[in-house]
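The values are calculated or read from the model by the stated rules, or taken from the named source; none is laboratory data. Since we're looking at a predicted model, the values are computed, not measured. Cβ placement follows ideal geometry from the backbone for every residue including glycine, while neighbour counts extend to all protein chains displayed.
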Amino acid sequence: MINGFSAYAQNTVTIPIESKQNALVLQTDKDKHLGIIYFGKKLSNANEYQSVPLQSRQSDSNAGIYNSVYTPAGSWNISEPALQVTHSDGNKSLDLVYVSHKTVNENDNVTLTSIVLKDPVYAVEVTLFYKTYVQENVTEQWSVIRNAEKGPVMLQKYASANLYLIAKDYFLTHYNGSWAREMNPEEEQLTAGIRVLDSKLGTRANLFQPPSFSVSFDKPATETEGKVLLGTLAWSGNFRMDFEVDSYHNLRLIAGINNYASEYPLNANQEFKTPSFIYTFSENGKGEASRNLHNWARKYRILDGEGSRLTLLNNWEATYFDFNEEKLSGLFKDGKKLGVDLFLLDDGWFANKYPRNSDQAGLGDWQENVKKLPHGIGYLVKEAKNAGIKFGIWVEPEMVNPKSELYEKHPDWVIKQPQRPEHYMRNQLPLDLSNPEVQNFVFGILDKLFTENPEIAYIKWDCNAITFNAYSAYLEKSKQKQSQLYVDYVKGLYKVLEKLRAKYPKVPMMLCSGGGGRVDYEALKYFTEFWPSDNTDPLERIFMQWEYSYFFPALAQSAHVTDWGKQPLKFRTDVAMMGKLGYDIVVSHLNEKDLQFSQQAVSTYNSIKDVVWHGDLYRLVDPKKNDFASLMFASKNKEKAVLFSYLTGNRNGDGSDVPFRLQGLDPAKKYKVKELNLYPETKTVIQENQTYSGEFLMTVGFNPAVNARRTSVIVEISAAQ
Ligand code: GLA
């Protein structure tokens, strides 16, 4: 991938930013504008990058404009900007020229390149940061914009990253969805002009679209072949990504916070740090690219990403709002009987004046409901302990029902337009987290729970409404700009989470937003896992978990066995076992065999969870293109792997007739295969007394015999001693 450059002078600065496999190379032109001259597979001799521009014939007046490393608006540049400002004197022009750069090795795997650019006329300065995780081939990119003028500068658009990618064609995969329909992929070939992926929903920003995508170059990449970039923005609010195919048919990518209704003031001597845009590139298909992200996320991003997780029993679908102490005590015992680590008490435990007996009231009043729980949370924690199970609890601290004491006491804490009718999602409104008082309130909810009950072992943090009627009484009162609200809300949320983690660094927390309405790598600094969707129909989950797995590792994807769908218990369990296993069923309703199966399943899961959580994922048979799905996890030392297969078609004869190739094994090792999680009194049809070389399994393949009689199959593959 190369790009043209008008003149090549002696004092040209070339900046290669390299990971183990890839390079992003920047170079100055005669006017000291810094452009991207190369993105792709790394060269063994970095000196050769200087010659890249000589190979290009794309050298008309657009050269050096389109490929800007951080496109300024309003001067020589006439294409979609990364940074657009209004200066303190009202002038709207901006130019950015190269000043200096440095690369610091943070440790033997992480390097940080920072590049200073500045406007030659106005005192605005930008530092671009590229943090490279060398072994993982992941780059985290952000910018810091500094106002050194005497008065305030208005940021009109302030992207995190600006890339320039050159190929014959571009195939963008993005995702759409809604409640219980998360992560539907669509792949399209990009054509001339700008394709925007964005969200303007505020709090539950990803309800219709997550900030994650992939772009294949030249042709659509497969799991094992093709050039592909996976990208995601680490920001829990409105985002915007511009994909512009320019007049050279090159791709300009600009990603960051959505500037919609969000012009942001920067006072004299203040800085604005954008969120991180995180990406990886592979020449060997989406499988390798997603393993890059998983390795990075576990090691560097997700809270306790290399650690362990708790299996759990959740009462949401078992009781909804209808429970009391006695019922819950029974459920603790059921959880223990099942063998899971923790019981998770869901919505409905709080509020008295307007009791939380449905989703219509009580949100905001975080005192135990005295009718349901006369002895309080402390009693439940103790009861759970007596039953031999840990205790966790659901909160939705950013929200309020109008029918609540909180709303009555603090109407000015609520995001709503003072002169317009209120508009609700799930009968509720977001609290104004731009307000420090509200931040303290939200922190206080969790702090009180933990202070009073230090043994609370898990939090499910929900967020069920998007932001309508964006308006902050606090910003108004403190004479700040309303257009700060979307950004300051998210900053306020991070302040709360930061404070919470400073005091309670370890407690596992699930990131939930009515399902997967808020899943991103900034939030996952504070959370150990996320809830992909309220839809737990296992057939649907196969597809959803598959798509999420391009960006997030299995240990972060909560997957519960529930009563959704028409599939048998074994199928539902086998699907949940490819993620972080939990249950949301009435254990006492299980017949003897189902209970026996489930107990066995929990203990089987304990024997494979290390591979599922920390191993390498290989997606083998795509359910979108086949009548079954198959994927496997292999331990890093290639000693053990687990293969999951699920029938997704329902036509006569659907299933695996022929072997398909496994991946991630050692060709020279011999492996035994063993079917796991068989339902009581059923037998495997797999020959278990046979060993296979890794070469055989990865060349000839393996057939788990998934079919209408065996709709889900889990096979353990272990190196023979
Ligand atoms: C949201 C969550 C569910 C459950 C309910 C409780 O919908 O996604 O899992 O916690 O809220 O009201």
From the options THR191, THR232, residue that is among the β-branched types (Val, Ile, Thr) and outside any strand (DSSP E or B)
THR191
Could you please find all residues in the range 526-537 being more than 9 Å from the ligand (Cβ to nearest atom), in a loop (DSSP other than H, G, I, E, B) and in contact with a helix residue (DSSP H, G or I) (Cβ under 6 Å, 6 or more places away or on another chain)?
TYR526, PRO532
Would you please name the residue that is nearest to the ligand (Cβ to nearest atom), looking only at residues in the range 500-525 that are in contact (Cβ under 8 Å) with a residue 60 or more places away in the chain and basic (Lys, Arg)?
ARG518
Starting from residues that are more than 12 Å from the ligand (Cβ to nearest atom) and in contact with a Gly (Cβ under 8 Å, 6 or more places away or on another chain), keep the ones in the range 332-351 and report whichever is farthest from VAL381 (Cα to Cα).
ALA351
Is it true that some residue in the range 210-233 is away from the ligand (no atom under 16 Å from the Cβ), of a type in the set (D, E, K, R) and over 26 Å from ASN284 (Cα atoms)?
no
Of THR467, THR451, which residue is free of Cβ contacts under 8 Å to residues at least 24 places away in the same chain and assigned by TED's automatic domain parsing to the domain that holds ASP537?
THR451
Checking ARG240 against (1) under 26 Å from SER483 (Cα atoms); (2) of a type outside the set (Val, Ile, Thr); (3) touching a Gly at 6+ places or on another chain (Cβ under 6 Å), the condition it does not meet:
(3)
Looking at THR224, is it over 17 Å from the mean Cα position of the chain (by Cα) and either over 26 Å from ARG57 (Cβ atoms) or outside the structural domain of LEU163 (by TED's automatic domain parsing) (or both)?
yes
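Here's the yes/no breakdown for (1) at positive phi; (2) surrounded by 23 or more Cβ atoms within 10 Å (Cβ to Cβ); (3) touching a Phe, Trp or Tyr at 6+ places or on another chain (Cβ under 9 Å):
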position: GLY388; (1), (2), (3): yes, no, yes
position: ASP412; (1), (2), (3): no, no, yes
position: LYS448; (1), (2), (3): no, no, yes
position: GLU452; (1), (2), (3): no, no, no
position: ALA465; (1), (2), (3): no, yes, yes
position: SER472; (1), (2), (3): no, yes, yes
Of all residues in the range 291-331, how many are within 16 Å of the ligand (Cβ to nearest atom) and in contact with a His (Cβ under 7 Å, 6 or more places away or on another chain)?
1
Scan the range 98-111 and give yes if some residue there is in contact (Cβ under 8 Å) with a residue 40 or more places away in the chain and closer than 16 Å to ASP31 by Cβ, otherwise no.
yes
Just to be sure I understand the filter: pairs with C-beta atoms under 7 Å, separated by 6 or more residues or on different chains, first member in the range 163-185 and farther than 21 Å from THR222 by Cβ, second member β-branched (Val, Ile, Thr). Which pairs pass?
LEU163/ILE36; TYR164/ILE36; ILE166/ILE2
Being closer than 28 Å to GLN360 by Cα, among the hydroxyl-bearing types (Ser, Thr, Tyr) and either more than 28 Å from the chain's Cα centre (by Cα) or outside the structural domain of SER513 (by TED's automatic domain parsing) (or both) is the filter here; which residues of the range 473-489 pass it?
TYR474
Only one residue in ARG204, ARG252, ARG195, ARG181 is of a type in the set (Lys, Arg), within 15 Å of the chain's Cα centre (by Cα) and modelled with pLDDT of 95 or more. Which one?
ARG204
Condition first: among the aliphatic types (A, V, I, L, M), crowded, with 21+ Cβ neighbours inside 10 Å and closer than 28 Å to SER212 by Cα. Now tell me which residues in the range 118-162 satisfy that.
VAL126, LEU128, VAL138, ILE145, LEU155, ALA159, ALA161
Looking at GLY392, is it surrounded by 21 or more Cβ atoms within 10 Å (Cβ to Cβ), at positive phi and within 15 Å of the ligand (Cβ to nearest atom)?
no
Do you know which residues across the range 395-445 are more than 16 Å from the ligand (Cβ to nearest atom), touching a residue at least 24 places away in the same chain (Cβ under 8 Å), closer than 27 Å to VAL381 by Cβ and not aliphatic (A, V, I, L, M)?
GLU405, GLN439, PHE441, PHE443
Could you tell me whether the range 583-595 includes any residue that is modelled with pLDDT of 95 or more, buried (at least 24 other Cβ atoms within 10 Å of the Cβ) and within 26 Å of the chain's Cα centre (by Cα)?
yes
